Every structure is written in structure tokens, then in C-alpha cells.
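Report on the structure given below.
The values are calculated or read from the model by the stated rules, or taken from the named source; none is laboratory data. Here the structure is a predicted model, which means the values were calculated and not measured. Every residue, glycine as well, gets a Cβ built from its backbone with ideal geometry; the counts of neighbours run over all protein chains shown.
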Amino acid sequence: MKISNKIKRFISCILTAGMVMSLVLTVSMAAQSTTYVDPADKWIEANNRTNEFDINATVTTETVYCPNCDMETSHLTYRVPEYTKSGETALNRGVEYSDGTMLDGVNKGNVDGGTPGIDAYYTGYHWSATRS
């Protein structure tokens, strides 16, 4: 009799602990939200006021090594979602900057740009600040 009560208590403790752990894990996982938002859903048209790449950019401040200064410096990075009519990123065609400047820094290429949600496909975050 005493052995069966101890076994029942042990099993009930294990089941209770399992229920509590599943409740904690379920609540913590439910609190996670998806971080992906399609940039086309919140794309802002410039209407010739400014560059669309500027107003739709995610601006981050990063620390990078500056070979001219020989020290770590603060650097602004503009990450802009790229939309192309072909669905192929401009980097595959050798275009590095949003103004069409190629990887060689001299020639100009086709950015194959389009309007998000209308005639262009999302290819990821590509553009950095335009080359100056």
C-alpha cells in the first residue's frame, strides 16, 4: 500500500512538472512575434520630394575601422529593400549602388527598378547609401 502511494505521488509530481514546463514554454513562445514585414506594405512614395531610397531606408549606426584615420569610427548605413522587375538582385548584374554605379565604381548599369506591389519583386535588403 505504501509503495503504490509513493509511486502515485512520484508520477503525479512528474506530470505536474511536465504540465508547468509546457505552460511556461507555450506562453514564452506565443509572446514571440514574427520579425518579417514585407517592405512593400509600408513603402512610401517620394512624389519628387526626396529619394525613395532615403525615406524607405532602415538607418543603422555601425562602428567600422577607418584606414585613413587608423581607428574605429561611427558609420551610418542605409539598408533599403530592393525591388526589381526581373526579381533578380542588382548585385548579380554587377550594380552595387542605388544610383546605378557598378562594382568597378566607374560605369553605370541598369538597376531594373520597379514599384513595390505593382511591377516589382522583393529581392532583399541591398542598397546602401548612394556613392558620393
Checklist entry - Does residue 56 satisfy the condition of being modelled with pLDDT under 80 and within 23 Å of the chain's Cα centre (by Cα)? => result yes
Item to check | Search result, residues across the stretch 58-108 that are under 24 Å from residue 43 (Cα atoms) and among the small types (Gly, Ala, Ser) | outcome: 86, 87, 90, 98, 100
Next on the checklist: Taking the criterion of being of a type in the set (Phe, Trp, Tyr), exposed (fewer than 10 other Cβ atoms within 10 Å of the Cβ) and at pLDDT below 70, would at least one residue in the stretch 35-49 satisfy it?
Outcome noted: yes
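Here is a yes/no grid of residues against (1) loosely packed, with under 11 Cβ neighbours inside 10 Å; (2) touching a Phe, Trp or Tyr at 6+ places or on another chain (Cβ under 9 Å); (3) hydrophobic (A, V, I, L, M, F, W, C):
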{"position": "65", "(1), (2), (3)": "yes, no, no"}
{"position": "87", "(1), (2), (3)": "no, yes, no"}
{"position": "95", "(1), (2), (3)": "no, no, yes"}
{"position": "98", "(1), (2), (3)": "no, yes, no"}
{"position": "115", "(1), (2), (3)": "no, yes, no"}
Next on the checklist: Yes or no: the stretch 102-112 includes at least one residue that is in contact with a His (Cβ under 6 Å, 6 or more places away or on another chain), β-branched (Val, Ile, Thr), surrounded by fewer than 17 Cβ atoms within 10 Å (Cβ to Cβ) and in the same structural domain as residue 43 (by TED's automatic domain parsing).
Outcome noted: no
Checklist entry - Looking at residue 20, is it modelled with pLDDT of 75 or more, surrounded by 10 or more Cβ atoms within 10 Å (Cβ to Cβ) and assigned to a helix (DSSP H, G or I)? => result yes
